[in-house]
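**Q** Here it is, the structure, as structure tokens.
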Amino acid sequence: MKVAVFSAMPYDRDFLGEANRSSGHDLELSWFETRLNTTTAPLAAGHDAVCVFVNDVLDAPTIERLADAGIRSIALRCAGFNNVDLDAAHRLGILVTRVQRYSPHAVAEHTVALILCLSRNIHRAYNRVREGNFSLQDLLGFDLQGKTAGVVGTGAIGAVVTKLLLAFECRVLVSDPIPDPDCLAAGAEPTELDDLLTAADLVTLHCPLTPETHHLIDRRALSLMRQDVMLINTGRGALIDTLAVIDALKSGRIGSLGLDVYEEEGDLFFGDHSQEVLQDDTFARLLTFPNVLITGHQGFFTREAMQRIAATTIENLAAENLAAENLAAANLAAGPSGRTTST
Ligand code: NAI
């Protein structure tokens, strides 16, 4: 099976290459550093599958081009799948897989790292001490113990975050259409979103990005939140209306903001732009606030998570290959009207 790996960074080559060797599947992997989109889709010609990441664009036109290029399957090496038009894939008989639960701890621990860094101003202290400034002025933090935390989404990641926050002796409110029973058994309280936003000292987002959750945190949601609230987003950038959040930062309603994801991250994250003039004025404005901490979508990026992502992706590709072959055989047997399907 020939696989075109898009958005391939050196670490992707290391982890996927090693997983491929040790799996025994012996897939033929080709590496493309560029992101997959309508323009770059023809690069996939001559391959059976593409392997993609969070900022590759798999909208209907791209998937149509992939189908034209002979691609039979798409393997996402991530959990979120908001960047894939699943209907288009289904219509074109292209199989889609993702890596659902590689290491919820990686993202959950990064979430807590952002919370602790902001609650104790570690990001500011780091710079001060390096400049020989040991003044504590304006570095006053707050205890997590006794605070009310609001966790939106108690899936694999949100459930771990909930348990970590309970261990800090926070009161934890959770909002999820189906709250995780283990979280509730551990002491978290199921709460309607508006009530959670009203009561929480810190709000952290762990639901998927869907049409329903797009701009979940908008001007109305922000108006419900407590003065000085800490807002954390390690989910997907567009869960937050960034312009509304900037206004809330300017007015002082938001006490601190921790982001690992950003609405328009596709043009920025995962690359070195340090020698370029930053063109994104919204992102540039975010960087001016002393109470904003941003990491470049690295929540997943631990050795353990990368090993599991790579191993599962290789297994998914091998399974997709088998399924595509079975499908082709079935279609052949069914004649020209044979139907195709996708997962
Ligand atoms: P999951 O599928 O295990 O859990 C998602 C949870 O959100 C489910 O319990 C679901 O019922 C809930 N949910 C759905 N709609 C909701 C709504 N409107 N309000 C509240 N809850 C809602 O997903 P998992 O693995 O926990 O990942 C969550 C998200 O984290 C992913 O969709 C992805 O966008 C993001 N992520 C970020 C990473 C990073 O590196 N920063 C890495 C991996 C995932």
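The values are calculated or read from the model by the stated rules, or taken from the named source; none is laboratory data. These numbers come from a predicted model, not from an experiment. With ideal geometry, Cβ positions are generated from the backbone for all residues, glycine too; neighbour counts draw on all protein chains shown.
**Q** Limited to the stretch 188-224, what total is found for residues that are away from the ligand (no atom under 12 Å from the Cβ) and touching a Gly at 6+ places or on another chain (Cβ under 6 Å)?
**A** So the count comes out to 1.
**Q** Among the residues of the stretch 106-125, is there at least one that is more than 12 Å from the ligand (Cβ to nearest atom), among the aliphatic types (A, V, I, L, M) and over 20 Å from Thr295 (Cβ atoms)?
**A** Looking through the stretch 106-125, none of the residues is more than 12 Å from the ligand (Cβ to nearest atom), among the aliphatic types (A, V, I, L, M) and over 20 Å from Thr295 (Cβ atoms).
**Q** Name every residue in the stretch 226-238 that is within 16 Å of the ligand (Cβ to nearest atom) and either basic (Lys, Arg) or not in a helix (DSSP H, G or I) (or both), in order of residue number.
**A** Leu231, Ile232, Asn233, Thr234, Gly235, Arg236
**Q** OK, next. Could you check, for the stretch 97-116, whether at least one of its residues is modelled with pLDDT of 95 or more, more than 20 Å from Gln298 (Cβ to Cβ) and either of a type outside the set (Lys, Arg) or not in a loop (DSSP other than H, G, I, E, B) (or both)?
**A** yes
**Q** Now for a different question. Among the residues that make up the stretch 161-169, is at least one of them at pLDDT 95 or above, touching a His at 6+ places or on another chain (Cβ under 8 Å), under 16 Å from Leu114 (Cα atoms) and within 12 Å of the ligand (Cβ to nearest atom)?
**A** Yes, that holds for at least one residue.
**Q** Next up: Which is without any contact (Cβ under 8 Å) to a residue 60 or more places away in the chain, in a loop (DSSP other than H, G, I, E, B) and buried (at least 18 other Cβ atoms within 10 Å of the Cβ), of Cys207, Cys183?
**A** Being without any contact (Cβ under 8 Å) to a residue 60 or more places away in the chain, in a loop (DSSP other than H, G, I, E, B) and buried (at least 18 other Cβ atoms within 10 Å of the Cβ) holds for just one of Cys207, Cys183, which is Cys207.
**Q** Here's something else I'd like to know. Among Phe283, Phe269, which is the only one that is within 23 Å of the chain's Cα centre (by Cα), at pLDDT below 95 and either farther than 19 Å from Lys147 by Cβ or within 16 Å of the ligand (Cβ to nearest atom) (or both)?
**A** Phe269
**Q** Here's a follow-up. So Gly255 ticks every box in (1) under 28 Å from Gly146 (Cα atoms); (2) loosely packed, with under 15 Cβ neighbours inside 10 Å; (3) out of contact with any helix residue (DSSP H, G or I) (no Cβ under 6 Å at 6 or more places or on another chain) but one. Which box is left unticked?
**A** (2)
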